[in-house]
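Novice: Sharing a structure here in structure tokens format.
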Amino acid sequence: LRMTVGCNLVAVWLLVSLVPDSIGLRRVLSSQRLPAELLCEWMLASNYFNVVVNGRRVAVLKGSQGVMDYWIDACPVGAPRAVVEFQKRTEARISTPLQAFFGGVTKPVMLHGVLVENGDLVDTPAAPMRSIEFIGDSETAGFGNCGPSEPGTPGWKACFTVNPADQDAFQAWPACVAEKLQADLSIIAWSGMGVLWNAPMGGCTTRHTMIDVYGHVLACEADAPGDGRESPGVSTLDAWIPDIIVLYIGGNDWYSFSEAREGELSAACRELLLRIRSLRPQATILVLCASGESFCACMGSREEQMRFAADMERCWRRAVAEASDARIHLEIVLPSPIIDVTDPSDWGQMAHWSA
């Protein structure tokens, strides 16, 4: 959400809630709350938001119960106007395993409105000329990217200490790419999700895969009818059209992958490409595959990374070829400098890339 406000601005009030459970925004816990209430709140996974004024982050907001407003002092000293931006850091359904056991996962957020106190809403900043849609899993969502460095294969301790507060999608690689290209972005990413098989042992907060989910979570008109599956018409999806769709997913499928099941995964990858094309007929689609020379999330050795990279490249190359679409491309990504499992600065929580 971006808006430009006039120089008389004193404060902005942001009114939000969760869907369907009402959650607002708060900064600190009241010291007057009873221990039982504190425990209940700790069990609920909170959404987090960046507040950015004139390109600089001035606050991080945390979700709390109730449809609530939150006062934001957004008036830069001496500035004739301010561009205020609210960025959702956390993905739609994420939690620690213990929070998930008690049903405490983050939920989609509904914005009810924005009130400007003692100032004027000048205009909505012009949208960037380019737009990119990113599709992926935890690496695309920025899972754990602001948490403590934990390279290599995740241990049980990491599984129970990972915190949604340590996730910031706007410090993950899609946001960095969009910023470099001066592009607007939409991130469709779900930690633990695969194309055909999700992460095992409760590693994903849903049983649905990206083939099921894509189409229900596209950037579109707020009041458009349909969910993108039954009625992907002009009125639904033409409000925001990406120039390019960048697809980087498959790491969670690899946990269930075998040579005998390679055909299944390739067919599912092709199905996802065709699904994307049916809903985004005008966009170029770019499939990214990891290089064996770098390291991806949760990879404990070079040998493991090499096998993973080779398996994913074979599946995706076959899927792209069978899709027979001249506007679907595949690239192997080799970061420079490469990501190294022995470099703690490359890693965030639970063996995921750091910010």
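The values are calculated or read from the model by the stated rules, or taken from the named source; none is laboratory data. Note that the structure is predicted; figures quoted are calculated from it, not measured. Heavy atoms of the whole protein, side chains included, go into the accessibility calculation; ligands, DNA and RNA do not. Shrake-Rupley method; radii C 1.70, N 1.55, O 1.52, S 1.80 Å.
Novice: Using only protein heavy atoms and a 1.4 Å probe, report how much of residue 131 is accessible, in Å² to the nearest 10.
Specialist: 10
Novice: What does the extension gain come out to for residue 271 and residue 239, with contour length at 0.36 nm per residue minus their alpha carbon separation?
Specialist: Separation in residues times 0.36 nm, less the Cα-Cα distance, equals 9.0 nm.
Novice: Keeping every protein chain in place, order 276, 338 by accessible area at 1.4 Å, biggest value first, i.e. largest first.
Specialist: 338, 276
Novice: Can you sort 269, 298, 146 by 1.4 Å-probe accessible area, starting with the largest?
Specialist: The ranking, largest first, comes out as 146, 298, 269.
Novice: Need the C-alpha centroid separation for region 300-330 versus region 163-211, integer Å.
Specialist: The two parts, judged by their Cα centres, are 19 Å apart.
Novice: Here is a follow-up. Please compute the length gained on full extension between residue 182 and residue 123, using 0.36 nm multiplied by the number of residues separating them and subtracting their Cα-Cα distance.
Specialist: 19.3 nm
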